[in-house]
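Take a look at the structure set out below.
The values are calculated or read from the model by the stated rules, or taken from the named source; none is laboratory data. This one's a predicted model, so the numbers in the text were calculated from it and none came from an experiment. A quick note on method: Cβ atoms are made from the backbone with ideal geometry, for glycine too, and the neighbour counts reach across all protein chains shown.
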Ligand SMILES: Cc1cc2nc3c(=O)[nH]c(=O)nc-3n(C[C@H](O)[C@H](O)[C@H](O)COP(=O)(O)OP(=O)(O)OC[C@H]3O[C@@H](n4cnc5c(N)ncnc54)[C@H](O)[C@@H]3O)c2cc1C
């Protein structure tokens, strides 16, 4: 059996590890080629050696990848006694990258595995159902694969203001050491968007340079997610695999959203959390809420945030068990608030934001309606369609392009797969259409194609796929689905 994995981050490496260690495949004759555009084997894009301004946004306790031994990252840190592992309780991202290299080392050193540094630009299915790969430098390669796992990470960044390619506009800021320019203290620097990437950039700029003018966040409507409040109490969920099975409707084989909500309400009651007051106080991305939370450190918010961490691994399974109308009701009425509270701004980072705002090193311009490159090589900013000011350098942090057709304009591979109709848009228009939980790419007429797609880009089905542990778990599940399909059901 010949297998290709494209993308060697946590997703691709988890697939690789599972294919090598599953009892059904361990003794099989196989060759696994793993391609990575940038040679980031095991680390993937977010965790390569880069600036110390880049921090993990989750606690070390929540970052272990070994499902049987979830504290393995904490223990790894203890065994790598090095003072420069973290700041304000958050581990540097490149340190997590070192852990990933150690964690996946055996898989990459396996005799059946070949690591290839190359950008994969195209795929095609042959008459016998195998798959051929083209790379940027070598074109179509001779090897034919029985299955291809695409573990490309997130979709390309949004090009919200059509500035991609403009001088002094940084479209995708990572890695910082390569993409960030040499700033001058007189530069008027703007960050477009205030999510996790925007905060990375802010931390970098505040450390790097004392600008004459404050750094500016340009945002449309929503500002920061809720402030992350440290929580000492252990919070667990009663939403387990067994609970899902017990509560599945026997005829429709779906779970009712109201049943899930009742159960969450019971858990919340137990911990003294009131969902309605949480939404009212912290569910709307308002700076005033962040400030209040930062100083008051509300226990209720801290516990709710821990609760959301406790459901990370089961979350997409719960979502997929709902009926389609209930999924939509969840997405409309609950998920936006949950996202704001769950994907929180680390407490120390919020401290940095508030300090920089107070000291006039940072400002926020809201209701940005358009941004245009002007003839003098700078950028005009419009707020509610009125010109308000000009910036010299803009850094994009608007998030990933959900629309797969637009996203494909920025990637050779996605463009070719969309053109060949090997990728179809998900019904919501967001990301590709994949099967649950196998993550196989679905085609128009249910034609079988041996291609599996993983990572954040499939978040419309694999909801919440922006977390290291969940990404690893989904990679393992997809690999196991493939193994069961091709080698038979695992008796273990
Ligand atoms: C900036 C950033 C910070 C994050 N921080 C955290 C965090 O603190 N905590 C957390 O839990 N989660 C975090 N995440 C979520 C993150 O998505 C996961 O933790 C995880 O690292 C994603 O792994 P992946 O394998 O899906 O993607 P990636 O790690 O991005 O790996 C994808 C790989 O595919 C390769 N590739 C892409 N296209 C091609 C191609 N055409 N040909 C060949 N190779 C290709 C890339 O070079 C890359 O190495 C962060 C995500 C980002 C983007």
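Things worth noting here:
- Among the residues of the stretch 136-178, those identified as under 22 Å from residue 404 (Cα atoms), loosely packed, with under 14 Cβ neighbours inside 10 Å and out of contact with any helix residue (DSSP H, G or I) (no Cβ under 8 Å at 6 or more places or on another chain) are 162, 165.
- Of the residues in the stretch 259-270, not one is in contact (Cβ under 8 Å) with a residue 12 or more places away in the chain, under 30 Å from residue 352 (Cα atoms) and surrounded by 15 or more Cβ atoms within 10 Å (Cβ to Cβ).
- Filter pass, residue 383 being surrounded by fewer than 18 Cβ atoms within 10 Å (Cβ to Cβ), modelled with pLDDT of 95 or more and over 26 Å from the mean Cα position of the chain (by Cα): no
- Matching residues in the stretch 400-433 - criterion: being part of a loop (DSSP other than H, G, I, E, B) and farther than 25 Å from residue 195 by Cα: 420, 421, 422, 423, 424, 427, 433
- Among the residues of the stretch 188-204, those that are within 16 Å of the ligand (Cβ to nearest atom) and not in a strand (DSSP E or B) comprise 193, 194, 195, 196, 197, 198, 199, 200, 201, 202, 203, 204.
- Selected residue (only one of 22, 81 is surrounded by 17 or more Cβ atoms within 10 Å (Cβ to Cβ) and either assigned by TED's automatic domain parsing to the domain that holds residue 413 or near the ligand (Cβ under 8 Å from one of its atoms) (or both)): 22
Condition check ((1) more than 13 Å from the ligand (Cβ to nearest atom); (2) assigned to a loop (DSSP other than H, G, I, E, B); (3) within 21 Å of residue 309 (Cβ to Cβ); (4) at pLDDT 95 or above) across all residues:
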| site | (1), (2), (3), (4) |
| --- | --- |
| 29 | yes, yes, no, no |
| 33 | no, no, no, yes |
| 58 | no, yes, yes, no |
| 65 | no, yes, yes, yes |
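- Checked against the criterion of being at pLDDT 95 or above and assigned to a loop (DSSP other than H, G, I, E, B), the candidates 185, 250 yield just one match: 185.
- Of the residues making up the stretch 35-54, at least one is on the phi > 0 side of the Ramachandran plot, buried (at least 16 other Cβ atoms within 10 Å of the Cβ) and within 14 Å of the ligand (Cβ to nearest atom).
- Listed by first and then second residue, the pairs with beta-carbon distance under 9 Å, at least 6 apart or on different chains, first residue in the stretch 53-65 and within 20 Å of residue 176 (Cα to Cα), second in a loop (DSSP other than H, G, I, E, B) and more than 7 Å from the ligand (Cβ to nearest atom), are 54/175; 55/88; 55/346; 56/346; 57/228; 57/343; 57/344; 57/346.
- Unique residue being touching a helix residue (DSSP H, G or I) at 6+ places or on another chain (Cβ under 7 Å) and at pLDDT 95 or above when the list is 257, 331, 261: 257
- Condition met for residue 424 (more than 14 Å from the ligand (Cβ to nearest atom), more than 19 Å from the chain's Cα centre (by Cα) and either outside the structural domain of residue 205 (by TED's automatic domain parsing) or touching a residue at least 60 places away in the same chain (Cβ under 8 Å) (or both)): yes
- Look at (1) touching a strand residue (DSSP E or B) at 6+ places or on another chain (Cβ under 9 Å); (2) surrounded by 19 or more Cβ atoms within 10 Å (Cβ to Cβ) and you find that residue 229 fails only one, number (1).
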